[in-house]
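Q: Have a look at this one.
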Amino acid sequence: MTSSADEGQFLNMLLKLINAKNTMEIGVYTGYSLLATALALPEDGKILAMDINRDNYELGLPIIEKAGVAHKIDFKEGPALPVLDQMIEDAKYHGTFDFIFVDADKDNYINYHKRLIDLVKVGGVIGYDNTLWNGSVVAPPDAPMRKYVRYYRDFVLELNKALAADPRIEICMLPVGDGITLCRRLS
């Protein structure tokens with residue numbers, strides 16, 4: 001369930017290239033992508049990190065602390081949608097994030113996108129992980145798949161179609177890890 005090493009390196013370089021300073025991560029797990037993000041940010045950079053399980057986050061926390069970047073992370077335990085809804089209600093958060101990375105409950109990806117588009121700045125980037133979903137997004141509907149792959153496949157397909165049709169963003173789907181789709185906000 002962790003991000004792959006190539007994806008961590010990719011995210012780290014991407015964040016440096018866009019000079020990201022204020023970021024968000026939805027779905028932290030043990031914090032590998034969070035560490036890659038924190039290492040890429042300037043000393044005063046910030047990450048709002050949300051996950052439903054603090055125990056998993058705390059497994060990776062000693063490594064984050066050893067790397068000297070724990071001060072950049074504001075971890076919130078619990079579902080992300082209520083936090084995002086609060087941020088949407090408060091206009092001071094609109095357009096304030098340089099980068100947002102989503103690697104959480106695939107059945108809510110479309111709900112996240114509906115909210116995140118207002119929180120990322122124009123020119124900012126939202127990255128959705130697992131958008132190739134074990135290759136299932138290009139497999140025929142009757143192809144053999146593990147049960148959980150088949151279950152989430154339709155949610156990932158729905159997101160991919162919605163992103164491709166969203167005129168507020170331009171997208172690039174990359175075969176890094178299990179697929180990452182980058183969305184640059186245009187308006």
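Q: Could you tell me which of the residues VAL125, VAL156, VAL137, VAL120 is among the β-branched types (Val, Ile, Thr) and at pLDDT below 95?
A: The conditions single out VAL137.
Q: Now, a different point. Out of the residues in the range 109-140 that are of a type in the set (S, T, N, Q) and open to solvent by less than 10 Å² (accessible area, probe 1.4 Å), which is farthest from PHE10 (Cα to Cα)?
A: Of all residues in the range 109-140, those of a type in the set (S, T, N, Q) come to 111, 130-131, 134, 136.
Now restrict to residues that are open to solvent by less than 10 Å² (accessible area, probe 1.4 Å): 131, 136.
Values: THR131: 16, SER136: 23 Å.
Among those residues, the one meeting the criterion is SER136.
Q: While we're here: Looking at GLU25, GLU65, which is the one that is buried (at least 18 other Cβ atoms within 10 Å of the Cβ) and at negative phi?
A: Selected residue: GLU25, the only one of GLU25, GLU65 that is buried (at least 18 other Cβ atoms within 10 Å of the Cβ) and at negative phi.
Q: Out of (1) touching a Leu at 6+ places or on another chain (Cβ under 8 Å); (2) closer than 22 Å to ALA38 by Cβ, the odd one out for VAL176 is which?
A: Among (1) touching a Leu at 6+ places or on another chain (Cβ under 8 Å); (2) closer than 22 Å to ALA38 by Cβ, the lone unmet condition for VAL176 is (1).
Q: A further question on this structure: Picking from LYS106, LYS92, which residue would you name as being open to solvent by less than 60 Å² (accessible area, probe 1.4 Å) and not hydrophobic (A, V, I, L, M, F, W, C)?
A: Details: LYS92 fails: open to solvent by less than 60 Å² (accessible area, probe 1.4 Å).
On inspection, the qualifying residue turns out to be LYS106.
Q: Next question, about the same structure. Conditions: (1) open to solvent by 30 Å² or more (accessible area, probe 1.4 Å); (2) part of a helix (DSSP H, G or I); (3) of a type outside the set (Ser, Thr, Tyr). LEU159 meets all but one. Number of the miss?
A: In the conditions (1) open to solvent by 30 Å² or more (accessible area, probe 1.4 Å); (2) part of a helix (DSSP H, G or I); (3) of a type outside the set (Ser, Thr, Tyr), LEU159 misses (1) alone.
Q: Looking at the range 1-109, what strands (runs of 3 or more DSSP E) fall wholly within it and have at least 1 residues that are farther than 17 Å from VAL120 by Cβ and acidic (Asp, Glu)?
A: 46-51, 73-77
Q: Taking interchain pairs and intrachain pairs at least six residues apart, which have beta carbon atoms under 7 angstrom, with the first residue in the range 41-55 and open to solvent by 50 Å² or more (accessible area, probe 1.4 Å) and the second of a type in the set (Gly, Ala, Ser)?
A: Every condition considered, the pairs that remain are ILE52/GLY78.
Q: Does the range 110-124 hold any residues that are of a type in the set (A, V, I, L, M) and in a strand (DSSP E or B), and which are they?
A: Matches in the range 110-124: VAL120, VAL122.
Q: Can you tell me which residue is modelled with the highest pLDDT among those in the range 1-37 that are of a type in the set (Gly, Ala, Ser) and over 13 Å from the mean Cα position of the chain (by Cα)? Break it down stepwise before answering.
A: Taking the range 1-37 first, the residues of a type in the set (Gly, Ala, Ser) are 3-5, 8, 20, 27, 31, 33, 36.
In the following step, the residues that additionally are over 13 Å from the mean Cα position of the chain (by Cα) were identified as 4-5, 20.
On the way: SER4: 82, ALA5: 82, ALA20: 98.
Within the range 1-37, the match that is modelled with the highest pLDDT is ALA20.
The values are calculated or read from the model by the stated rules, or taken from the named source; none is laboratory data. Keep in mind that this is a model prediction, so the values were computed, not measured. When we count neighbours, we look across all protein chains shown, and the Cβ atoms used for this are built from the backbone with ideal geometry, even at glycine. What goes into the accessible areas is simple: the full protein's heavy atoms, side chains included, and nothing from ligands, DNA or RNA. Shrake-Rupley method; radii C 1.70, N 1.55, O 1.52, S 1.80 Å.
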